[in-house]
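Peer 1: If you scroll down you'll find the structure; I have some questions about it.
All of the numbers you see were taken from the coordinates with simple rules; none came from a lab. Computed from a predicted model, the values in this text were never measured in an experiment. Here the Cβ positions follow ideal geometry from the backbone for every residue, glycine too, while neighbour counts run over all protein chains shown.
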């Protein structure tokens, strides 16, 4: 089974890297083929948990990673941390990044819908093979105090070393002093380095932020490796299956996220430039009611 999946991932994902390649629901991973109840996935513990805005205050995306196929991608949640009485089953994708010693990374995604704006939800993610700690988030709603609207942390160029602002942002996110993070490019320096371990460590470091408030990502030049493979596969942004350009509304604002990197890394093809330009024109027309 793994040989087939390797063929699928290696030849489909790195070439264009513009979509998440989800595993079939009826798949049978290696450990399951052994038909032994005492054998499960070797690395089934979820980590690198992050939520993102789903394009509507009633929708949130939850993303996390394991280093083995757990078959299940579950979010259990509720308004009481002692009683997580709702659950949703997500989907799992897998990617290799063409590094010399690349490892399998299983990215789990689940959509939480019908959320009540302003309501705080407690949740954890995982499967029968391992669960995360219980985190919480508040479905987005305009503030009544602080002048109304939303409070954003906007930054870029954040690496895994000497992250001087991390502690402050972590505390603000957990105290409800921020509504959303807009990370405008350049993650980890760089996510692909050390066979992707730098990206893993970065996402662990921001988990005390991203598990509590939406972490919205914009591609930068440091994400260029193999046509932005790590950026495309690790994040989950609204109205897009590749994260490279997308838009969403929140309050009275229309947010447009696009990539200027296509103009500098043309070895991946000029079609990306045209595709993004055509999308942007149509998005702005729709936004302005044209």
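Peer 1: Fewest Cβ neighbours within 10 Å first, please rank 259, 58 accordingly. Present the calculation step by step, with values, prior to reporting the outcome.
Peer 2: On the way: 259 23, 58 14.
By the 10 Å Cβ count, ascending: 58, 259.
Peer 1: Now for a separate question. Across all directions of projection, what mean area in square nanometres is found for the Cα convex hull of region 74-174?
Peer 2: Details: hull surface 38.7 nm².
Quarter of the Cα hull surface area: 9.7 nm².
Peer 1: Scale the Cα Rg of region 160-290 by the rule-of-thumb value 2.2 N^0.38 Å and send over the ratio, two decimals.
Peer 2: Values: Rg = 15.9 Å, N = 131, 2.2 N^0.38 = 14.0 Å.
Against the empirical 2.2 N^0.38 Å value, I get 1.13 for region 160-290.
Peer 1: Continuing with the same structure: Among 275, 230, 252, which one shows the biggest mean-square fluctuation in a GNM of the chain, springs joining Cα atoms closer than 10 Å?
Peer 2: Greatest mean-square fluctuation among the candidates belongs to 252.
Peer 1: Once R0 is set to 41 Å, what does the formula 1/(1 + (r/R0)^6) return for the Cβ-Cβ distance between residue 177 and residue 38, expressed as a FRET efficiency to the nearest 0.05? Don't skip to the answer; put the middle values down first.
Peer 2: Values: r = 47 Å, r/R0 = 1.15.
With R0 = 41 Å, the Cβ-Cβ based efficiency is 0.30.
Peer 1: Over region 141-242, what is the mean sequence separation of C-alpha contacts under 8 Å (at least six apart), divided by residue count, expressed as relative contact order in percent?
Peer 2: Details: 145 pairs, mean separation 26.9, N = 102.
Relative contact order of region 141-242: 26 percent.
Peer 1: Roughly speaking, what is the stretch gain from residue 256 to residue 76, that is 0.36 nm per residue apart minus the C-alpha to C-alpha distance, in nm to one decimal? Let's see the in-between values first.
Peer 2: Values: separation 180, 0.36 × 180 = 64.80 nm, distance 3.13 nm.
Length gained between residue 256 and residue 76: 61.7 nm.
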